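The values are calculated or read from the model by the stated rules, or taken from the named source; none is laboratory data. Since we're looking at a predicted model, the values are computed, not measured. Because the Cβ atoms are built from the backbone with ideal geometry, glycine has one as well, and the counts that use them run over all protein chains shown.
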Amino acid sequence: MAAGPADFRALYEAEFNYVYNSLRRLGVAERDLEDLIHEVFLAFHRGRDHYDPARPLRPWLFGIAFRISSDYRRRAQHRYEVPEEREVADATPGADEQLVWRERRPLVLRALDTLDLDRRAVFVMHEIDGCTMPEIATVLAAPLNTLYSRLRLAREEFATFVRRHQRNEDKGMKNESR
């Protein structure tokens with residue numbers, strides 16, 4: 001796939017928000033997102049000759065984002081940071097859906113932060129991005145059964161975190177009403 005500058009610019013503009021959201025979901029701090037987005041697109045540009053245009057583009061980009069965010073998270077200066085929760089505007093869903101997402105987003109991001117990176121990547125690709133497990137296996141170069149196991153564990157950990165948070169919220173509301 002030898003894309004010219006105009007084609008690459010169009011791809012960059014079309015997929016910027018997807019890469020941004022993917023990196024954010026993989027735990028990249030807000031202050032580092034812009035740099036890592038550029039790293040993802042540079043890596044794609046360098047390896048574009050290996051990309052098969054018959055395959056979906058987003059799983060390929062997610063694989064690059066996964067590797068870059070993995071390297072990012074391994075760096076010592078990022079190990080103890082608590083990510084800030086900043087919302088990114090998305091014009092696609094309706095206003096009511098945006099309101100629900102805005103209320104739930106901080107909880108989702110905190111729940112994602114509890115997952116280790118391997119489980120988190122499978123969870124994000126499958127549950128949020130809608131990739132199939134065979135696509136994920138190709139992108140992450142992992143056995144399908146291993147990925148199903150990671151997805152199952154990630155779902156359990158995610159649900160446990162959300163339930164615990166909701167119980168704590170319910171207790172707080174009961175205490176306030178007294």
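Which of (1) in contact with a helix residue (DSSP H, G or I) (Cβ under 7 Å, 6 or more places away or on another chain); (2) farther than 23 Å from ARG110 by Cα; (3) modelled with pLDDT of 85 or more is the odd one out, the single condition ALA3 does not satisfy?
(3)
Answer yes or no as to whether ALA91 is modelled with pLDDT of 85 or more, surrounded by fewer than 11 Cβ atoms within 10 Å (Cβ to Cβ) and either within 19 Å of SER22 (Cα to Cα) or not charged (D, E, K, R) (or both).
No: the conditions fail for ALA91.
Across segment 23-77, what is the number of residues that are of a type in the set (Lys, Arg) and more than 25 Å from PHE123 (Cβ to Cβ)?
2
Is it true that some residue in segment 118-139 is in contact (Cβ under 8 Å) with a residue 60 or more places away in the chain, surrounded by fewer than 20 Cβ atoms within 10 Å (Cβ to Cβ) and more than 14 Å from the chain's Cα centre (by Cα)?
yes
Could you list, in sequence order, the residues of segment 138-152 that are over 13 Å from PHE66 (Cβ atoms) and assigned to a helix (DSSP H, G or I)?
LEU144, ASN145, THR146, TYR148, SER149, LEU151, ARG152, listed by residue number.
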